[in-house]
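What follows is a single structure, written as structure tokens, with notes after it.
The values are calculated or read from the model by the stated rules, or taken from the named source; none is laboratory data. Small disclaimer: the values here were computed from a predicted structure and weren't measured. Virtual Cβ from ideal backbone geometry, glycine too; neighbours counted across all protein chains shown. When the accessible area is computed, the model is the full protein with side chains, heavy atoms only, and any ligands, DNA or RNA have been set aside. Shrake-Rupley method; radii C 1.70, N 1.55, O 1.52, S 1.80 Å.
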Amino acid sequence: MDDKIVLTGIRPTGPLHIGHLCGALQNNVLVQNTYDYKNMYGMIADAQGLTDNFDDPDKVRRNVIEVALDMLAVGYDPDKTIMFIQSEIPELTELTFYYMNLVTVARLQRNPTVKTEISQKEKFANGVPVGFFTYPISQAADITAFKANIVPVGDDQAPMIEQTNEIVHKFNSIYSEVLKPVKMIVPESNMAARLPGTDGNAKMGKSLNNCIYLKDSADAVAARVKTMFTDPKHLRIEDPGNTKDNPVFIYLSVFAKPEHFAAFLPEYANYAELAAHYERGGLGDVKVKKFLNEVLQETLRPIRERREMFARDTDSVMEILRTGTAKAREAAAQTISEVKHAMKLDYFN
Ligand code: TRP
């Protein structure tokens, strides 16, 4: 169907890691390469990134190019996905301002994602900036500006999509039918897994120093794997082991394919056989980690090589973003003119 418009968004607040890879990036590339859509957009959400990093503009600036490199490295194709920079589209802030009339403070306070984020951010202990508090409204602008009706996101973004649809319905019922309702799609099966950190922490995060980055060298990946947390009760090889809360096994369940077993650990046909042996006892961590390292090296090598290729020519990457941003801006300008017309804000036409 050619009425599909897809939009994906990533905050440029740090280099992307394997959690992003299985949580979002692989799925976005799959959508890019297999869906029948009219347009697909890949937004670098720098303005949203600033809502909790406004005191560190260098960080956001630096990570726009890092994230663009990560996107290209995993297979975003600028001929298929319009890659652009959020802050370069002033129509998005304009839309946000009009949508603010359609959302109550109480509704924003109820947004579970924002609620959790606020409670976890130490720097907001003395007060939450209005910009951060209202970012779900700006996200609704990001989506509706391009008339996107499909947004591939992780589960944590469901409340944003819900709020977007509320804004769409309210706008359409008060003014006129300008905006399109949105559907979110979450990655299938184990690709949707939220990866724990290498230390076993539920979240992989830069400040926790427990990430494997897409741009990490082969040695850095190997070193991380070697020191990974496993099952602390699995002391001797004979002991039965826990695979459920064991990040080594969680990573394998996501990334290990039958061809990895065939190439590096042919005693087992698949993940289920390996996990069963570990749970039964008789399988040591060193062997499993060695296999995980092979799997991650195989997965990350082509990504790293593509990344290095693009990183040698960042001028071309900026050109990709410049071209994409110009295209995206045309679409947003069309929407804002329809929005303003519907709101009776078109004095000089
Ligand atoms: N909030 C998203 C995240 O943190 C990023 C984002 C910004 C986004 N605008 C968007 C995602 C629009 C989808 C659609 O991952």
Subset of the stretch 338-349 [surrounded by fewer than 15 Cβ atoms within 10 Å (Cβ to Cβ) and not in a loop (DSSP other than H, G, I, E, B)]: His341
Count - residues of the stretch 25-38 that are open to solvent by 50 Å² or more (accessible area, probe 1.4 Å), in contact with a strand residue (DSSP E or B) (Cβ under 8 Å, 6 or more places away or on another chain) and at pLDDT 95 or above: 1
Spans of helices (runs of 4 or more DSSP H) in the stretch 1-78 with at least 2 residues under 15 Å from the mean Cα position of the chain (by Cα), within 18 Å of Lys327 (Cβ to Cβ) and among the aliphatic types (A, V, I, L, M): 57-74
Matching residues in the stretch 11-46 - criterion: being more than 11 Å from the ligand (Cβ to nearest atom), out of contact with any Asp or Glu (no Cβ under 8 Å at 6 or more places or on another chain) and under 21 Å from Ala332 (Cα atoms): Asn39, Met40
Meets criteria (away from the ligand (no atom under 16 Å from the Cβ) and either aliphatic (A, V, I, L, M) or in the same structural domain as Gln157 (by TED's automatic domain parsing) (or both)) for Asp56: yes
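Here are some residues: Glu177, Glu162. Which one is without any contact (Cβ under 8 Å) to a residue 12 or more places away in the chain and within 16 Å of the ligand (Cβ to nearest atom)?
On the way: Glu177 fails: within 16 Å of the ligand (Cβ to nearest atom).
Sole residue among the options that is without any contact (Cβ under 8 Å) to a residue 12 or more places away in the chain and within 16 Å of the ligand (Cβ to nearest atom): Glu162.
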Exclusive hit being among the hydroxyl-bearing types (Ser, Thr, Tyr) and touching a strand residue (DSSP E or B) at 6+ places or on another chain (Cβ under 9 Å), set Thr93, Thr81: Thr81
The one condition in (1) open to solvent by less than 10 Å² (accessible area, probe 1.4 Å); (2) more than 15 Å from Ile150 (Cβ to Cβ); (3) modelled with pLDDT of 95 or more that Cys22 fails to fulfil: (3)
Residue count for the stretch 124-154, restricted to those that are within 11 Å of the ligand (Cβ to nearest atom) and not β-branched (Val, Ile, Thr): 12
